[in-house]
Amino acid sequence: RLREWMGDIHEAKTLVAQARVERPDWWEPPYVLAGFEWREGNLNVCRELLKIAATLAPWRPKLWWFLEDVLRLAGLTDEAASAAARAEDIERQRDELLKKASGV
């Protein structure tokens, strides 16, 4: 991300893509790459990367919220609603677990 902030998007993408090759099971590289694509206006690539990230880390609601935004912009309202429902369900489950853990 620092490389992107410094204006070297090509190097930023190269470094994150390398991390993705070295750790294909890690959700963050496709998520970060999706952010790069989002900012460049490449919604289709962004959407596909977010789907990969969400498959690798289905319990992370921020992936689903981001995917919802991208799907809505693409006019895929049913899929967007499904992604939003998934994010809400994950957050609800997390809140329930936190309540149980705190004894409330």
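The values are calculated or read from the model by the stated rules, or taken from the named source; none is laboratory data. Quick caveat: nothing in here was measured; it's all calculated off a predicted structure. FYI the Cβ positions are ideal-geometry reconstructions off the backbone, even for glycines, and counts take in every protein chain you see. With ligands, DNA and RNA removed, areas are computed over all heavy atoms of the protein, side chains included. Shrake-Rupley method; radii C 1.70, N 1.55, O 1.52, S 1.80 Å.
For K13, give me every one of the lysines with a C-alpha distance below 24 angstrom, ignoring sequence neighbours fewer than eight places off in its own chain.
K51, K62
Report the net charge of residues surrounding R60, where surrounding means a beta-carbon distance below 11 angstrom and charges are Lys +1, Arg +1, Asp -1, Glu -1. Let's see the in-between values first.
Numbers: positive: K62, R86, R94; negative: E28, E91.
Overall, the nearby charge balance is +1.
Run the numbers for L73 and R23: contour at 0.36 nm per residue of separation, minus the present Cα-Cα distance, in nm.
15.0 nm
Once fully extended, how much extra length lies between A81 and E48, figured as 0.36 nm per residue of separation less the alpha-carbon to alpha-carbon distance?
Separation in residues times 0.36 nm, less the Cα-Cα distance, equals 10.2 nm.
Report, to the nearest whole %, how much of the accessible area of region 1-100 belongs to carbon and sulfur atoms, 1.4 Å probe, protein only.
Ligands and nucleic acids excluded, carbon and sulfur reach 55 percent.
If you roll a 1.4 Å probe over the heavy atoms of the protein chains, what accessible area per residue do you get for the chain, in Å²?
Spelled out: the 1.4 Å probe surface of the chain, per residue, equals 64 Å².
Would you kindly derive the ³J(HN,Hα) couplings of region 32-48 from the backbone phi angles with the Karplus curve 6.51 cos²θ - 1.76 cosθ + 1.60 (θ = phi - 60°), listing them in order in whole Hz, with x for Gly and Pro?
Those phi angles translate into 5, 4, 4, x, 4, 5, 4, 5, 8, x, 8, 5, 5, 5, 4, 4, 5 Hz.
Keeping all protein chains in position, work out how much accessible area T55 exposes to a 1.4 Å probe, and write it in Å² to the nearest 10.
Roll a 1.4 Å probe over it and T55 shows about 110 Å².
Alpha carbon centre of region 74-104 versus region 7-40: separation in Å?
26 Å
In straight Cα distance, which aspartates and glutamates are under 15 Å from K99, not counting same-chain residues fewer than 8 positions off?
Hits, sequence-local ones excluded: E91.
Across every pair of different alpha-carbon atoms, what Kirkwood hydrodynamic radius in Å does the chain reach?
14.6 Å
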